[in-house]
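What follows is a set of notes on a single structure, which appears directly below.
The values are calculated or read from the model by the stated rules, or taken from the named source; none is laboratory data. Predicted model only: the values in this text are computed from it and were never measured. Neighbour counts are summed over all protein chains in view; Cβ atoms, including those assigned to glycine, are modelled from backbone coordinates with ideal geometry. The protein model used for the area step is the full one, side chains on, heavy atoms only, and it has no ligands, DNA or RNA in it. Shrake-Rupley method; radii C 1.70, N 1.55, O 1.52, S 1.80 Å.
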Amino acid sequence: MISVVLVACAFCTQADNAKEYLFHSWTTTPIIANVVVGLPTEIELNQVKTLLAEVRKKTTSSDNTTAQKFMHVMIAGIEMEYEAEKVSHCLSYIESIDENLHGIAGSRVLRFQLRCAQLQGDVEKAQSFATLLREFDGAHVEDAAVLCLYDIERAMQENDNELAQQLYMDFDTLMCASGAQYVRIPVALGYARVAKTQENKVYALVRLSQWLEEFGYEEEAVRELLLSWLSRLQPRIEITTSSVIPSIALLAAELATNSELDTTDANWEEITLLVQAQDFQEAILLLEPLAEAAGERQDDAIALLSMVRRVTPIPLIDAFECSRDSKLPIAMSRTFNSTTLQELFQQAIKQTHTTGESAWLHQAFLLLLQEERQIDDAVLAESFRLIGEYTQAKQFFVKAIALEGESVQLVCGLADCTRDSKAMSIVIQSTSPGDTSSYWYWLANVRILQWYAEDGGEPVEIAAKINRLRKKDASLGGAQFISEFNALLF
Amino acid sequence: MIDVVFLLLVYFMVATEFKTAEESFPMDLPLRQGGTLAALDNEPLVILVESSGVQASDVSIRLVGPWDPVVSLQGLSAFLTSNQVSLISMDGLFAQTHPIRIQPTVNTRWEHAVSAYNVVVDANYTNITLDDPS
């Protein structure tokens, strides 16, 4: 009996590890998104193959849980983008799941069903899955991207390029607003993937580069990025001033006037490759000496270094000047743009969720919130909630839910501000104590118990509930929650 | 002299105003009725009951959840009694009012399901549901 339990626990841990390993890479780098949505480079494709091989090692084929089947669907769903025979594998794994999946898991399975139907050329099935995905409540942004590209492809098939362009622009705006920056480049490349004409292929890429310039990125750095994206297109696009595509002819003219672009510079080539492969730390190491030394590449290096530093995460601790006495943050170390500021917010939120509230983080939030920049409503809402400003947090939660739909984070945050125990119960049912959603599971449980106690609930019921929760995790969600649970017992 | 003193006494008796003591007035405030008590998210304890024969002892019990394994009616009785929380013993897992569902299978004999029900009643639990066979 004990051995059966141990084996079951081992399977459970393996499945969770594999899921976390895969989804961490999926949502923190654009590599997988480039494979499943956009146009991957050879390097990216190999990286994904290696990653999936590692994920497969972490999963076990003999386990038959829904989580395990879901992992197989994810792996086959990615692989089928470059190995056609995996479509049937993906479909058989999906059929083996006999539970209704909700949230991101549900939208992800629907999105793979849509892709399977597309890859098999089954128009009717594709249409029905597209409808289901469109009606799905709370679809993940990357799954919504697949649906958007499906709509774009259909518009293009009907020669309605205006509609296709409008769909792309609307979705790009949505991605900006929802903080899903990592999907923007893959979606622009995905637009090129579904487009049939050369002019259509470059449309989204040129629009994205224009947005970057308007946003404040250096012109030359953006041009480098655009060239790297265009190099992914098959067949290759000739960048000449005589090109029939106006934006490409303009790009060629700009390149011709910029004599500093010297393709014979081997060091520069290596840097470009590193930037393309998103290896920003290595690129910075090579760029720094080039930017300091006087040479024909100095200006390029300064521009690219500036751009790379903007997209490379800055450690939270480096973003603040701290008091010598109290060690608490007293001012921002410098001015940050919106993207970096948003990353800093997210780091602070993640740290608070992991280690609990502290005076340092509270002060950091106050300083970040003083910065007047374009930040996601969801991020602002959660930040205000964590420092106890429930009235302001509530306003931002309501706006974020209206814009992005209901997610566990938003529903739980709003429920915390409005003391909504029913919503908290729904959060408990949508999360679990041992995976990446555990913070919300324990927060919902502790809040319901606190509100129950405040309303004069039975102490024995509270003690019993806490004892039952201990059966799920003896640490009751970790240091940030255990003290709150213990306070309820005395 | 005595006349003057007498007159002064009469004057002060008439002019003096004694301060009345503060009184407390009871108020009949209504009992708290507005607002609903935040409800705990109490998942019911599900007890699966299966019959392996026709004898009273031919019954097997299984608990759904992360609980210590229980196989017999005696074990169930011990589990429920030892894990009942009270003001004296706060180590238990279930309050008397915790929802408990007894779930027989289609092959479970009626007397076995009722036996399980009776064990739960004997353990002083009050919120019990006997599910349809599944």
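Below is a table of values for the structure above.
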read-out	value
Length released on extending from A:Ala474 to A:Ala277, taking residue separation times 0.36 nm less the Cα-Cα span	66.7 nm
For A:Ser358, solvent-accessible area (1.4 Å; no DNA, RNA or ligand), Å²	50
Helical mean residue ellipticity (222 nm; -39500 (n - 2.57) per DSSP H run of 4+; nearest 500) of chain A	-23000 deg cm²/dmol
Simple label model, 7 Å out from Cα along Cβ direction - A:Ser358 to A:Asp299, nm	4.6
Cα-projected label distance for A:Thr29 with A:Glu288, points at 7 Å along beta-carbon direction, nm	2.2
Members of A:Lys57/A:Lys399; A:Lys196/A:Lys399; A:Lys49/A:Lys196; A:Lys58/A:Lys422; A:Lys57/A:Lys465; A:Lys327/A:Lys472 lying beyond 31 Å, as alpha-carbon distances in this model show	A:Lys57/A:Lys399; A:Lys196/A:Lys399; A:Lys58/A:Lys422; A:Lys57/A:Lys465; A:Lys327/A:Lys472
Helix axis angle, A:123-135 relative to chain A longest principal axis, alpha carbon, degrees	50
Linear extension gain, A:Ala402 paired with A:Glu42, 0.36 nm per residue minus alpha-carbon span	125.6 nm
Most positive-pole-ward Cα, A:Ser228, B:Pro133, A:Asn445, against dipole of the protein assembly as shown from beta carbon charges	B:Pro133
Charge sum, other residues only, whose C-beta stays under 11 Å from A:Ala188's C-beta, Lys/Arg counted +1 and Asp/Glu -1	+4
DSSP-assigned coil residues among trypsin sites (Lys or Arg not before Pro) in the stretch A:287-365, each with at most 12 further Cβ atoms within 10 Å	A:Arg324, A:Lys327, A:Arg334
Estimated [θ] at 222 nm from DSSP helical runs (n ≥ 4, -39500 (n - 2.57)) normalised by residues in chain B, nearest 500	-8500 deg cm²/dmol
Those residues of the stretch A:219-255 whose amide nitrogen sits under 18 Å from the label point placed on A:Lys196, 7 Å along Cα→Cβ	A:234-235
Efficiency of FRET between B:Glu43 and B:Glu111 - r from beta-carbon atoms, R0 35 angstrom, step 0.05	0.80
Sequence of A:His353, B:His98, A:His102 from largest to smallest accessible area, 1.4 Å probe	A:His102, A:His353, B:His98
Efficiency of FRET from Cβ geometry, A:Tyr82 and A:Ala253, R₀ 45 Å, rounded to 0.05	0.80
Length-normalised contact order for chain B - Cα pairs under 8 Å, 6+ apart - percent	22
Percentage relative contact order, the stretch A:23-101, counting C-alpha pairs under 8 Å, at least six apart	23
Radius 15 Å from Cβ of B:Ser51, net charge of other residues (Lys, Arg +1; Asp, Glu -1)	-1
Label-to-label distance, nm, for residues given as B:Leu9 and A:Thr240 (7 Å Cα→Cβ offset)	13.5
Shape of chain B, Cα gyration tensor, a/c cut at 1.5	prolate
Model label zone, A:Arg334; criterion: amide N under 19 Å from point 7 Å along Cα-to-beta-carbon; scope the stretch A:196-227	A:216-222
Percent antiparallel among DSSP beta bridges (both partners in the stretch B:45-130, rounded to 5)	40
Hypothetical label at B:Asn118: residues of the stretch B:57-86 whose amide nitrogen lies under 13 Å (7 Å Cα-Cβ projection)	B:57, B:73-74
Net length gained if the chain between A:Asp455 and A:Leu227 were fully extended (0.36 nm per residue, minus Cα distance)	75.8 nm
Using alpha-carbon coordinates, inclination of helix A:42-58 to the longest axis of chain A, degrees	20
